[in-house]
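Asker: Following this message is one structure expressed as C-alpha coordinates.
The values are calculated or read from the model by the stated rules, or taken from the named source; none is laboratory data. Since the structure is predicted, the reported quantities are computational estimates derived from the model, not experimental observations. No Cβ is skipped: glycine too gets one built from the backbone with ideal geometry, and neighbour counts run over all protein chains shown. Remember, those area values only see protein heavy atoms, side chains included, never the ligands or the DNA or RNA. Shrake-Rupley method; radii C 1.70, N 1.55, O 1.52, S 1.80 Å.
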Protein chains: 2
Amino acid sequence: MFNEEEYSRVDVKGVYVTSSGVGMAPVVLLEDTGGRILQIFIGVAEALSIHSALNNEIAPRPMTHDLFVSVLDRLKVDVEKIVVDDLNEGIFYARMFLKIDGEEVEVDARPSDSIAIALRTRSDIFVRTDILDTVGVTRDELKNFFSFEDEMLE
Amino acid sequence: MFNEEEYSRVDVKGVYVTSSGVGMAPVVLLEDTGGRILQIFIGVAEALSIHSALNNEIAPRPMTHDLFVSVLDRLKVDVEKIVVDDLNEGIFYARMFLKIDGEEVEVDARPSDSIAIALRTRSDIFVRTDILDTVGVTRDELKNFFSFEDEMLE
(Lines give C-alpha, C1' and ligand atoms only; values in the text may rest on other atoms or scores of the structure.)
Protein backbone atom coordinates (compact mmCIF):
# COMPACT_ATOMS: atom_id res chain seq x y z
CA MET A 1 0.00 0.00 0.00
CA PHE A 2 1.37 3.39 -1.00
CA ASN A 3 -0.61 6.64 -1.10
CA GLU A 4 1.66 9.12 -2.87
CA GLU A 5 -0.13 12.10 -1.24
CA GLU A 6 1.35 11.09 2.12
CA TYR A 7 4.91 10.97 0.77
CA SER A 8 7.59 13.39 -0.42
CA ARG A 9 10.12 12.48 -3.10
CA VAL A 10 13.71 12.95 -1.94
CA ASP A 11 17.19 13.05 -3.43
CA VAL A 12 20.24 11.50 -1.80
CA LYS A 13 22.53 14.42 -0.87
CA GLY A 14 25.47 12.28 0.21
CA VAL A 15 26.98 10.24 3.00
CA TYR A 16 28.94 11.89 5.76
CA VAL A 17 30.55 10.93 9.04
CA THR A 18 29.10 12.71 12.07
CA SER A 19 28.98 12.25 15.82
CA SER A 20 26.27 9.98 17.17
CA GLY A 21 25.48 8.90 20.71
CA VAL A 22 28.03 6.09 20.34
CA GLY A 23 30.88 7.97 18.65
CA MET A 24 31.42 8.84 15.00
CA ALA A 25 29.04 7.17 12.59
CA PRO A 26 28.09 7.42 8.92
CA VAL A 27 24.89 9.26 8.08
CA VAL A 28 23.01 9.53 4.79
CA LEU A 29 21.19 12.78 4.02
CA LEU A 30 17.94 12.80 2.05
CA GLU A 31 16.51 16.15 0.84
CA ASP A 32 13.00 16.85 -0.40
CA THR A 33 12.13 19.47 -3.05
CA GLY A 34 11.39 22.04 -0.31
CA GLY A 35 14.94 21.79 1.06
CA ARG A 36 14.06 19.74 4.12
CA ILE A 37 16.73 17.24 5.04
CA LEU A 38 16.42 13.90 6.79
CA GLN A 39 19.47 12.36 8.50
CA ILE A 40 19.62 8.59 8.83
CA PHE A 41 22.48 6.85 10.63
CA ILE A 42 23.67 3.82 8.67
CA GLY A 43 26.38 1.16 8.75
CA VAL A 44 29.86 1.67 7.34
CA ALA A 45 29.53 -0.91 4.54
CA GLU A 46 26.19 0.56 3.45
CA ALA A 47 27.65 4.09 3.54
CA LEU A 48 30.53 3.04 1.29
CA SER A 49 28.07 1.34 -1.05
CA ILE A 50 25.85 4.46 -1.28
CA HIS A 51 28.94 6.61 -1.79
CA SER A 52 30.13 4.38 -4.65
CA ALA A 53 26.71 4.54 -6.31
CA LEU A 54 26.53 8.35 -6.00
CA ASN A 55 29.94 8.62 -7.64
CA ASN A 56 29.25 5.99 -10.32
CA GLU A 57 32.24 4.01 -9.13
CA ILE A 58 32.34 0.51 -10.53
CA ALA A 59 34.13 -2.05 -8.38
CA PRO A 60 36.30 -4.65 -10.14
CA ARG A 61 34.13 -7.37 -8.57
CA PRO A 62 30.41 -6.92 -7.83
CA MET A 63 29.87 -5.59 -4.30
CA THR A 64 26.84 -6.92 -2.42
CA HIS A 65 24.38 -4.29 -3.68
CA ASP A 66 25.78 -4.61 -7.21
CA LEU A 67 25.10 -8.35 -7.05
CA PHE A 68 21.62 -7.61 -5.67
CA VAL A 69 20.82 -5.37 -8.64
CA SER A 70 22.39 -7.80 -11.10
CA VAL A 71 20.18 -10.61 -9.74
CA LEU A 72 17.04 -8.41 -9.92
CA ASP A 73 17.96 -7.51 -13.50
CA ARG A 74 18.50 -11.15 -14.52
CA LEU A 75 15.16 -12.09 -12.92
CA LYS A 76 13.47 -9.19 -14.81
CA VAL A 77 12.40 -7.54 -11.57
CA ASP A 78 11.84 -3.76 -11.54
CA VAL A 79 12.53 -1.71 -8.44
CA GLU A 80 9.55 0.67 -8.72
CA LYS A 81 10.39 2.79 -5.72
CA ILE A 82 11.65 2.62 -2.19
CA VAL A 83 9.92 4.38 0.70
CA VAL A 84 11.04 5.36 4.19
CA ASP A 85 7.75 5.07 5.97
CA ASP A 86 8.27 4.66 9.69
CA LEU A 87 10.40 5.94 12.55
CA ASN A 88 10.21 4.18 15.89
CA GLU A 89 12.57 4.70 18.85
CA GLY A 90 15.12 6.32 16.57
CA ILE A 91 15.08 3.51 13.99
CA PHE A 92 13.90 4.24 10.46
CA TYR A 93 12.00 1.58 8.55
CA ALA A 94 11.77 1.27 4.78
CA ARG A 95 10.06 -0.82 2.15
CA MET A 96 11.09 -1.76 -1.36
CA PHE A 97 8.38 -1.96 -4.02
CA LEU A 98 9.34 -4.51 -6.65
CA LYS A 99 7.46 -5.54 -9.76
CA ILE A 100 7.77 -8.93 -11.44
CA ASP A 101 5.54 -10.05 -14.33
CA GLY A 102 3.15 -7.18 -13.54
CA GLU A 103 2.83 -8.28 -9.92
CA GLU A 104 3.84 -5.86 -7.16
CA VAL A 105 5.85 -7.22 -4.23
CA GLU A 106 6.64 -5.20 -1.08
CA VAL A 107 9.64 -6.10 1.06
CA ASP A 108 10.59 -4.80 4.52
CA ALA A 109 14.13 -3.38 4.45
CA ARG A 110 16.52 -1.01 6.12
CA PRO A 111 16.71 2.49 4.56
CA SER A 112 20.44 2.01 3.88
CA ASP A 113 20.03 -1.11 1.72
CA SER A 114 16.97 0.38 0.03
CA ILE A 115 18.84 3.59 -0.86
CA ALA A 116 21.95 1.69 -2.03
CA ILE A 117 19.74 -0.32 -4.38
CA ALA A 118 17.50 2.58 -5.53
CA LEU A 119 20.56 4.60 -6.59
CA ARG A 120 21.77 1.70 -8.73
CA THR A 121 18.37 1.16 -10.37
CA ARG A 122 17.58 4.91 -10.62
CA SER A 123 14.36 4.29 -8.69
CA ASP A 124 12.40 7.00 -6.91
CA ILE A 125 12.97 7.42 -3.18
CA PHE A 126 10.09 8.65 -1.02
CA VAL A 127 9.87 9.58 2.66
CA ARG A 128 6.55 9.75 4.49
CA THR A 129 5.89 13.48 4.79
CA ASP A 130 4.99 13.40 8.46
CA ILE A 131 8.46 11.99 9.20
CA LEU A 132 10.01 14.99 7.42
CA ASP A 133 7.59 17.25 9.35
CA THR A 134 8.77 15.73 12.64
CA VAL A 135 12.53 15.22 12.22
CA GLY A 136 13.42 16.98 8.97
CA VAL A 137 15.81 19.93 9.27
CA THR A 138 16.77 22.84 7.01
CA ARG A 139 20.28 23.25 5.60
CA ASP A 140 20.93 25.96 8.20
CA GLU A 141 19.74 23.78 11.05
CA LEU A 142 21.90 20.95 9.73
CA LYS A 143 25.03 23.01 10.44
CA ASN A 144 24.21 22.82 14.15
CA PHE A 145 24.14 19.04 13.95
CA PHE A 146 27.43 18.64 12.13
CA SER A 147 30.63 19.22 14.04
CA PHE A 148 33.85 20.52 12.53
CA GLU A 149 35.31 17.03 12.47
CA ASP A 150 32.66 15.88 10.06
CA GLU A 151 34.03 14.70 6.81
CA MET A 152 32.72 13.15 3.70
CA LEU A 153 33.55 9.50 3.38
CA GLU A 154 36.29 9.65 0.78
CA MET B 1 26.99 -24.81 -17.11
CA PHE B 2 27.91 -27.06 -14.21
CA ASN B 3 29.46 -30.50 -14.47
CA GLU B 4 29.27 -31.96 -10.94
CA GLU B 5 32.17 -34.36 -11.65
CA GLU B 6 34.55 -31.40 -11.78
CA TYR B 7 33.42 -30.06 -8.39
CA SER B 8 33.70 -30.99 -4.71
CA ARG B 9 31.00 -30.17 -2.19
CA VAL B 10 32.29 -28.17 0.76
CA ASP B 11 31.13 -27.07 4.20
CA VAL B 12 31.78 -23.65 5.69
CA LYS B 13 34.14 -24.22 8.65
CA GLY B 14 33.99 -20.66 9.93
CA VAL B 15 35.36 -17.15 9.55
CA TYR B 16 38.62 -16.17 11.16
CA VAL B 17 40.96 -13.22 11.21
CA THR B 18 44.43 -13.95 9.89
CA SER B 19 47.41 -12.05 8.52
CA SER B 20 47.34 -11.19 4.85
CA GLY B 21 49.79 -9.26 2.70
CA VAL B 22 48.09 -6.04 3.79
CA GLY B 23 47.66 -6.70 7.52
CA MET B 24 44.99 -8.64 9.37
CA ALA B 25 42.01 -9.65 7.29
CA PRO B 26 39.00 -11.94 7.61
CA VAL B 27 39.16 -15.30 5.93
CA VAL B 28 36.46 -17.90 5.35
CA LEU B 29 37.45 -21.57 5.42
CA LEU B 30 35.71 -24.14 3.20
CA GLU B 31 36.38 -27.86 3.76
CA ASP B 32 35.64 -30.74 1.41
CA THR B 33 34.69 -34.26 2.54
CA GLY B 34 38.35 -35.34 2.24
CA GLY B 35 39.48 -32.74 4.79
CA ARG B 36 41.00 -30.36 2.28
CA ILE B 37 40.56 -26.73 3.23
CA LEU B 38 40.31 -23.66 1.04
CA GLN B 39 41.03 -20.22 2.50
CA ILE B 40 39.36 -17.23 0.89
CA PHE B 41 40.06 -13.67 2.08
CA ILE B 42 36.84 -11.67 2.34
CA GLY B 43 35.57 -8.28 3.48
CA VAL B 44 34.70 -7.47 7.08
CA ALA B 45 30.97 -6.94 6.47
CA GLU B 46 30.72 -10.22 4.56
CA ALA B 47 32.66 -12.04 7.32
CA LEU B 48 30.25 -10.76 9.97
CA SER B 49 27.32 -11.79 7.78
CA ILE B 50 28.70 -15.33 7.30
CA HIS B 51 29.44 -15.54 11.00
CA SER B 52 25.85 -14.53 11.87
CA ALA B 53 24.45 -17.14 9.48
CA LEU B 54 26.70 -19.90 10.90
CA ASN B 55 25.46 -19.05 14.40
CA ASN B 56 21.82 -18.62 13.40
CA GLU B 57 21.86 -15.09 14.76
CA ILE B 58 18.84 -13.08 13.72
CA ALA B 59 19.42 -9.32 13.55
CA PRO B 60 16.60 -7.04 14.77
CA ARG B 61 16.49 -5.47 11.29
CA PRO B 62 17.30 -7.42 8.11
CA MET B 63 20.98 -7.14 7.23
CA THR B 64 21.86 -6.92 3.54
CA HIS B 65 22.08 -10.68 2.91
CA ASP B 66 18.93 -11.26 4.98
CA LEU B 67 17.13 -8.78 2.71
CA PHE B 68 18.61 -10.51 -0.32
CA VAL B 69 17.21 -13.88 0.80
CA SER B 70 13.88 -12.33 1.77
CA VAL B 71 13.55 -10.83 -1.73
CA LEU B 72 14.47 -14.14 -3.39
CA ASP B 73 11.89 -15.88 -1.21
CA ARG B 74 9.15 -13.36 -2.05
CA LEU B 75 9.96 -13.71 -5.76
CA LYS B 76 9.81 -17.53 -5.43
CA VAL B 77 13.42 -17.90 -6.52
CA ASP B 78 15.38 -20.95 -5.38
CA VAL B 79 19.13 -20.79 -4.77
CA GLU B 80 20.06 -24.20 -6.21
CA LYS B 81 23.74 -24.02 -5.40
CA ILE B 82 26.70 -21.71 -5.41
CA VAL B 83 30.04 -22.63 -6.93
CA VAL B 84 33.55 -21.27 -6.53
CA ASP B 85 34.87 -21.97 -9.98
CA ASP B 86 37.83 -19.79 -10.76
CA LEU B 87 40.98 -18.39 -9.20
CA ASN B 88 42.92 -15.74 -11.07
CA GLU B 89 45.77 -13.61 -9.67
CA GLY B 90 44.71 -14.48 -6.12
CA ILE B 91 41.05 -13.55 -6.64
CA PHE B 92 38.40 -16.24 -6.35
CA TYR B 93 35.33 -16.09 -8.59
CA ALA B 94 31.95 -17.62 -7.85
CA ARG B 95 28.58 -18.10 -9.49
CA MET B 96 25.12 -18.41 -8.00
CA PHE B 97 22.69 -20.81 -9.67
CA LEU B 98 19.14 -19.57 -9.21
CA LYS B 99 15.91 -21.14 -10.39
CA ILE B 100 12.73 -19.21 -11.12
CA ASP B 101 9.64 -20.79 -12.72
CA GLY B 102 11.76 -23.78 -13.74
CA GLU B 103 14.29 -21.58 -15.52
CA GLU B 104 17.91 -21.64 -14.37
CA VAL B 105 19.75 -18.33 -14.06
CA GLU B 106 23.51 -18.04 -13.40
CA VAL B 107 24.92 -14.90 -11.81
CA ASP B 108 28.57 -13.88 -11.42
CA ALA B 109 29.30 -13.14 -7.74
CA ARG B 110 32.03 -12.91 -5.15
CA PRO B 111 32.48 -16.06 -3.03
CA SER B 112 31.72 -14.07 0.15
CA ASP B 113 28.26 -12.93 -0.95
CA SER B 114 27.53 -16.35 -2.44
CA ILE B 115 28.48 -18.13 0.79
CA ALA B 116 26.53 -15.64 2.97
CA ILE B 117 23.45 -16.31 0.85
CA ALA B 118 23.93 -20.10 0.53
CA LEU B 119 24.13 -20.50 4.31
CA ARG B 120 20.82 -18.65 4.70
CA THR B 121 19.08 -20.71 2.01
CA ARG B 122 20.77 -23.99 3.03
CA SER B 123 22.05 -24.37 -0.53
CA ASP B 124 24.94 -26.60 -1.54
CA ILE B 125 28.35 -25.01 -1.92
CA PHE B 126 30.80 -26.44 -4.46
CA VAL B 127 34.41 -25.67 -5.28
CA ARG B 128 36.00 -26.71 -8.57
CA THR B 129 38.17 -29.66 -7.60
CA ASP B 130 41.26 -28.47 -9.45
CA ILE B 131 41.22 -25.32 -7.30
CA LEU B 132 41.28 -27.51 -4.16
CA ASP B 133 44.06 -29.58 -5.78
CA THR B 134 46.10 -26.44 -6.37
CA VAL B 135 45.57 -24.30 -3.27
CA GLY B 136 43.70 -26.53 -0.81
CA VAL B 137 45.54 -27.33 2.43
CA THR B 138 45.13 -29.95 5.14
CA ARG B 139 44.21 -29.08 8.72
CA ASP B 140 47.86 -29.60 9.73
CA GLU B 141 49.14 -27.34 6.97
CA LEU B 142 46.57 -24.74 7.96
CA LYS B 143 48.30 -24.35 11.34
CA ASN B 144 51.34 -22.99 9.53
CA PHE B 145 49.22 -20.31 7.89
CA PHE B 146 47.53 -19.13 11.06
CA SER B 147 49.52 -17.09 13.52
CA PHE B 148 48.97 -17.03 17.26
CA GLU B 149 47.15 -13.71 17.00
CA ASP B 150 44.45 -15.28 14.89
CA GLU B 151 41.06 -15.14 16.46
CA MET B 152 37.59 -16.01 15.53
CA LEU B 153 35.43 -13.04 14.73
CA GLU B 154 33.30 -12.83 17.83
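Table: residues versus (1) basic (K, R); (2) under 27 Å from B:R110 (Cβ atoms); (3) modelled with pLDDT of 95 or more.
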residue	(1), (2), (3)
A:D73	no, yes, yes
A:D78	no, yes, yes
A:D85	no, no, yes
A:N88	no, no, yes
A:F92	no, no, yes
A:M96	no, yes, yes
A:D101	no, no, no
A:E106	no, no, yes
A:R110	yes, yes, yes
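Asker: Of all residues in segment B:104-139, count the ones that are under 25 Å from B:A45 (Cα atoms) and either free of Cβ contacts under 8 Å to residues at least 24 places away in the same chain or open to solvent by 30 Å² or more (accessible area, probe 1.4 Å) (or both).
Answerer: Summing the residues that are under 25 Å from B:A45 (Cα atoms) and either free of Cβ contacts under 8 Å to residues at least 24 places away in the same chain or open to solvent by 30 Å² or more (accessible area, probe 1.4 Å) (or both) in segment B:104-139 gives 10.
Asker: I've got another one for you. β-branched (V, I, T), within 7 Å of chain B (Cβ to nearest Cβ) and farther than 17 Å from A:Q39 by Cβ: which single residue out of A:T64, A:T121 fits that description?
Answerer: Step by step, each of A:T64, A:T121 is checked, and only A:T64 is β-branched (V, I, T), within 7 Å of chain B (Cβ to nearest Cβ) and farther than 17 Å from A:Q39 by Cβ.
Asker: Could you check segment B:21-42 and list, in sequence order, the residues that are under 30 Å from B:E6 (Cα atoms) and open to solvent by 30 Å² or more (accessible area, probe 1.4 Å)?
Answerer: Selection gives B:T33, B:G34, B:R36, B:Q39, B:F41.
Asker: Scan segment B:44-100 for residues that are acidic (D, E), within 27 Å of B:T134 (Cα to Cα), out of contact with any strand residue (DSSP E or B) (no Cβ under 7 Å at 6 or more places or on another chain) and open to solvent by less than 80 Å² (accessible area, probe 1.4 Å) and jot them down.
Answerer: B:E46
Asker: Can I ask one more? Among A:A53, A:A116, which is in contact with a helix residue (DSSP H, G or I) (Cβ under 7 Å, 6 or more places away or on another chain) and within 9 Å of chain B (Cβ to nearest Cβ)?
Answerer: A:A116
Asker: Counting only residues that are more than 8 Å from chain A (Cβ to nearest Cβ) and under 18 Å from A:T64 (Cβ atoms), which one in segment B:67-92 is farthest from the chain's Cα centre (by Cα)?
Answerer: This residue is B:D73.
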